[in-house]
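In what follows, a structure is listed as C-alpha cells, so that the remarks can point back to it.
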Number of protein chains: 2
Amino acid sequence: MIPKSTSPTIDDVAREAGVSISTVSRVLNRNVPVSDKVASKVEAAIRALRYTPRAAARNLATSRTSTLGLLLAEIVGDFFSPLLRGVESVAREHGYDLLISTAGRRGPQKELPGPFGKHNADGLLVFAGSLTDEGVRDTYSFGVPMVLLHQSSPQDLTIPCVTIENKAATRAIVEHLITKHNRRKILFLTGEPYNEDGYWREMGYREALARHDLPIEPELIAPGHFDRHIAQASIEQALREKIQFDAVFAGDDEAAVGVYAALRAANLNIPRDVSVVGFDDQGLAQVLQPALTTVHVPIEQVGIEAARCLIQLIQTGTAEPLTLLPTTLVIRSSCGCLEPSL
Amino acid sequence: MIPKSTSPTIDDVAREAGVSISTVSRVLNRNVPVSDKVASKVEAAIRALRYTPRAAARNLATSRTSTLGLLLAEIVGDFFSPLLRGVESVAREHGYDLLISTAGRRGPQKELPGPFGKHNADGLLVFAGSLTDEGVRDTYSFGVPMVLLHQSSPQDLTIPCVTIENKAATRAIVEHLITKHNRRKILFLTGEPYNEDGYWREMGYREALARHDLPIEPELIAPGHFDRHIAQASIEQALREKIQFDAVFAGDDEAAVGVYAALRAANLNIPRDVSVVGFDDQGLAQVLQPALTTVHVPIEQVGIEAARCLIQLIQTGTAEPLTLLPTTLVIRSSCGCLEPSL
DNA sequence: CTGTTAGCGCCTTCAT
DNA sequence: ATGAAGGCGCTAACAG
C-alpha cells in the first residue's frame, strides 16, 4: 500500500507477460486480433502491476486527446448545472474527458483562455458569452472542431450551433397575457446586452404586440439582464415614474424573482394587479408564490445535443449546422390562471 | 484563413527563427536566461506561425499535466455551481486546467471513472459521494495527490479534507427554535445516507435537544435526503400519522421547499403553526415565502480552499490535513422572527 | 547564452 | 498473430 515512486509502463507489462510491447498495446486497444491465450496473459500482467496507460503518451502518439473542452461565460445560475450535466453524460458515454474553463468576469475573450491550449481538447463547446466573434473566428481558423451554444455562427463561417426556440415561445406567452388575461400594457425586461436569447425574446414580444395592434411603448422596455437585482431595480423605477403596466415579461425566471420582490414591496398583488411571466423553468418557477407561469427550456438537452454534435463533428468532419430545441409554455398562477400552488 | 492541415511544431518555429529548438523551448518556458535579441526573434516566429505548444508532448516530457481533476457525485442543485466556480477560479489562476467527471446515478465508485485515468491530472478533488472509501484508498495507493471534500479521510490514511462546520451550526439553529420560539417538538429530516454533512447535522440536533432536556423522539426523525420531494413525502406522512410537531429542521434548503409545500397543502401557517429552518442559503432561502431561516454555507469558499489545498499538495507534498469552514446562522422569517420579506 | 542529444510512453506501419 | 523499430513534439541534461 505504499505509493509506488514510479508507475509501471507498457514495457513493464510486456516483460511481465513475456510478450512485446506492441502486443500489449493491441490488447489495450482491442484494434487488432490477439490470441486469447496471449491476451489473458497480458491482462493478468496488467492487473498484477496495476498498470494504467499514460494519457499524455497516448495523446502524443495518436494526436488525439479524447477530451472535450467546454468554454463558459460564468458559472452561475440555474442554467449551468443541467447544461453541464448533459454535456458530461454524453462525453463520458463516448469515452471523452471534459475540460472546463470560463471567461469569468473579464467577459468574452478574443482568444482561448491561457491554460486551455488549442491542443488540449479534440473539440470545443463554446457557450454564448465566453468568446467574442473574433475569438470564435480565430479559434476556428486553427481547425479546431467547435460547436456554438446559444450563439449563432459568424456570418461567413458555418459553425454548428445548438440553441433553443425563443421567439415563438415568447410570442405565445405574451399573447397568452393579451388574449386570456386581457393585458394591454406589458412591461418587457431585456436580457443581457449581446445575448441572442434576449434578442429573440424581444422579437417575440414585439410580434405578439403587433399581432394584436398594440403599440410598442419604449417606456415599457427596461433592462432585466437575467438578474434579480437589476430586474427589481427596473420595476421599482417604473413604479416610481408611475409608468402604467398590467403585466411583466421578466426575461427569465431569475429576473422574475426581482419583479416579485418589487411588486410585493409596492403592495401590488400578483396576478390580480400585475401578471408576471418568466422564462427557463428550472425549479425556481415552482417555488415562487404565486407559482410562475413561464417557458420551459430543455437545458440538459441542449448540453446533450451539443456534445453529440461536437463528437460527430470530430469523428466525421460534419454535423448539423443548426439544432433548435423546442420550448414549451408552462401555465401556472402568476399570469392569472388558477392552479393549486406547488 | 483556411484551416491549416497540420499545425506547426517547435521545429518549425526554430527553423523560422534560425535557432535551435532548445532555445525556442527556453523562451516558451522562461526558465533559463535567453538574450533579448534571440528571444524577440523567436517570439516573432511564434506569432508568424501562430504556434501553440502541444500539451501532450509537454506532459509526456515533464510527466506533469497542469490539470486538476474534479470528481463529483452528481451535477445537481444549488450546491454545485458555486463549488465549481471556486475551484475553477483558483485552478485558472494557478495555470491549471480543470477536468470534470461524475459518478452519475451509479453512485460512489470503487475506481476512477473510465476515461478519467490516473495520469490525466496532477491531482484529484474528490467530492463526497463520488468515490467509496475503497475507491479513495485505491486511488491514494497509486500516489495520486488528492483532497477530499465534505468527506473525511479513511481512518489510517491522512488525506487532506476540506469541509464545513455542520454540528455547531445545527445546534445553534435548533436552539434558536427552542429558546426564542419555544418550540419543543422539532421534526428532523435527515440527509442522504452516508452523507457526513447530514450525520453531523443530526448530531447537532441531538445536542441541542439534550442541552434543553428534550427527549429524542424517533418518530420525529424522518428521511429528507436533501430532496424536496422526499422531504415533502415525509412531512405528509407525519401529518397523516398525526405526529405532533411545532417545528421542522429540513436538512437543507432544497428539502425545505418540500416542507413548505406539504405544510401549505395542509393549511398550516409558517411560522405560526410550524417553524421551518433549512441549511445552505444559496439563493433559494430568500425566494421562499416566508423567507427561510437557515445556515449560510460558504460553498464557493470550499471550492477555493480545496483547490488551493490540492495545488499546495501537488507542489510541496504536504497540505493542511483539515480545513473546516465556518457557517453562520441567518435569521429570516420562517422560524417566527419577523423581517421584511425579500 | 546556445546547440546537441537522449529520452518521456505509447501507437503503428512493416516485416515475419 | 506477433515482434521490431521509427516517430509523435517537447523538455532537460550535457557540452560548448
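The table that follows gives values for the structure above.
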read-out	value
Share of Cα-Cα pairs in segment B:115-202 lying beyond 18 Å, as whole percent	54
Using alpha carbons only: equivalent-ellipsoid semi-axes of segment B:10-49, gyration tensor based, whole Å	14, 10, 8
Once the Cα gyration tensor of the protein assembly as shown is diagonalised, semi-axes √(5λ) in Å	47, 35, 21
Rule-of-thumb Rg ratio for segment A:167-297 [Cα; 2.2 N^0.38 Å; N residues]	0.92
Simple Cβ-charge dipole of segment B:19-150, Lys/Arg +1 and Asp/Glu -1, about Cα centre, in debye nearest 20	720
Loop-located chymotrypsin sites (Phe, Trp or Tyr not before Pro) in segment B:169-218, at most 16 other Cβ atoms within 10 Å (DSSP)	B:TYR194
Virtual spin-label span in nm between B:GLU241 and B:ALA48, 7 Å along Cα→Cβ	8.0
Positive minus negative residues near A:GLY86 (Lys, Arg vs Asp, Glu; Cβ under 13 Å)	-2
Longest DSSP-loop-exposure-free segment, trypsin sites (Lys or Arg not before Pro), chain A, at most 10 other Cβ within 10 Å	A:31-241
Inter-label distance for A:GLU134 and A:HIS296, nm, one decimal - labels placed 7 Å from Cα along Cα-to-Cβ	4.3
Within chain B: Cβ-based charge dipole about Cα centre, in debye rounded to nearest 20 (Lys, Arg +1; Asp, Glu -1)	1020
Residues of segment A:164-203 with amide N under 18 Å of a point placed 7 Å along Cα→Cβ from A:SER152	A:164-171, A:191-203
Only Lys, Arg (+1) and Asp, Glu (-1) charged, at Cβ; segment B:167-297 dipole about Cα centre in debye	500
Computed label-point distance, nm, for sites B:GLU93 and B:HIS212 using a 7 Å Cα→Cβ extension	4.0
14 Å beta-carbon shell around A:GLU165, net charge (K/R +1, D/E -1)	-3
Cut-off of 10 Å, at most 13 other beta carbons, DSSP loop: longest stretch of chain A lacking such GluC sites (Glu not before Pro)	A:112-240
For chain A, the fraction of alpha-carbon pairs in successive 20 Å shells from zero, as %	27, 42, 21, 9, 0
Eligible aspartates and glutamates near A:LYS41 by straight Cα distance, threshold 15 Å, same-chain separation 8 or greater	A:ASP11, A:ASP12, A:GLU16
Most mobile listed residue (A:GLY135, A:GLY303, A:GLY86) in chain A, GNM with C-alpha springs under 10 Å	A:GLY135
Residues A:GLU219 and A:ALA172, FRET efficiency given R0 of 25 Å [Cβ-Cβ distance, rounded to 0.05]	0.55
Positive minus negative residues near A:LEU124 (Lys, Arg vs Asp, Glu; Cβ under 14 Å)	-3
Choice from A:ALA44, A:ALA231, A:ALA121 with maximal GNM fluctuation in chain A (Cα, 10 Å cutoff)	A:ALA44
Average beta-carbon neighbours from other chains, 10 Å sphere, peptide A:138-149	2
Expected 222 nm ellipticity per residue - DSSP helices of 4 or more, -39500 (n - 2.57), all of chain B, to 500	-12500 deg cm²/dmol
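Each reported figure results from applying straightforward, stated rules to the coordinates on display, with no laboratory input. Quick caveat: nothing in here was measured; it's all calculated off a predicted structure. Every residue, glycine among them, receives a Cβ derived from its backbone with ideal geometry; neighbour counts consider all protein chains shown.
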